[in-house]
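Please read the structure below before turning to the comments.
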Amino acid sequence: MNKKLIDALVEDLQPVKRPSPWAATRLFLVCLLTTLIFAWLMRGNRMLAADPTLTLWSWLKLLPFALGAVACVLLTCDTTIPARHTKRWTLALLITAALILISFVTAGLMSPDANVLNPSALGCVRSIVIFAIPPLAFMLWFARQRATTHPAFAGACAGAAAGLLGSLAYGMSCRIDGLAFISVWYSTAILAVAAIGLLLGPRILRW
């Protein structure tokens, strides 16, 4: 009886496909394009109405969020493969992004015109969270197709990546360039989306 049951269970088993080395790259590009298109649909011409005199800084302020997004997407992919070890350069990328953001916070709060309590703060957080919804949904769907052994951590990584992508998209249309404002409120939105991913992970990614 037991032998027949075992034979029935293994009858349709297929070899596990090796994960594509380009899976993380494709995932990042799809999520980035999805976020940018969604942000453009929501904010229209404000995505393209940058002041030419602020172009360089307008891009530099997005650097930690871009680096963090790449690192968190890679972490999300790694968590969906059992026994997969995170590459050192991924962690180095994440640490670099965190250090740049910390330097933003320090420099911003030491500035006499820090302007952290800007009336636009709530709208900033809300917009980033909204922009993060499409990439979060896509990354959770991606992780669902695989076999994550740590669903809560995978969900949190997906949430952090989505929040960082949302910050990247919002930052392209936001004209507030204060270091303190960017550091405090963008980070608040990213943590909020990461918390959402942490809560959704165990429910959506469990086997």
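The values are calculated or read from the model by the stated rules, or taken from the named source; none is laboratory data. Please read these numbers as outputs of a predicted model, since none were measured by experiment. Virtual Cβ from ideal backbone geometry, glycine too; neighbours counted across all protein chains shown. These area figures cover heavy atoms from the full protein model, side chains too; ligands, DNA and RNA do not enter into them. Shrake-Rupley method; radii C 1.70, N 1.55, O 1.52, S 1.80 Å.
In this simple spin-label approximation, residue 92 and residue 144 carry label points 7 Å from Cα along the Cα→Cβ vector, and these lie 3.6 nm apart.
Take the stretch 108-207 with all the other protein chains still there, run a 1.4 Å probe, and you get 45 Å² of accessible area per residue.
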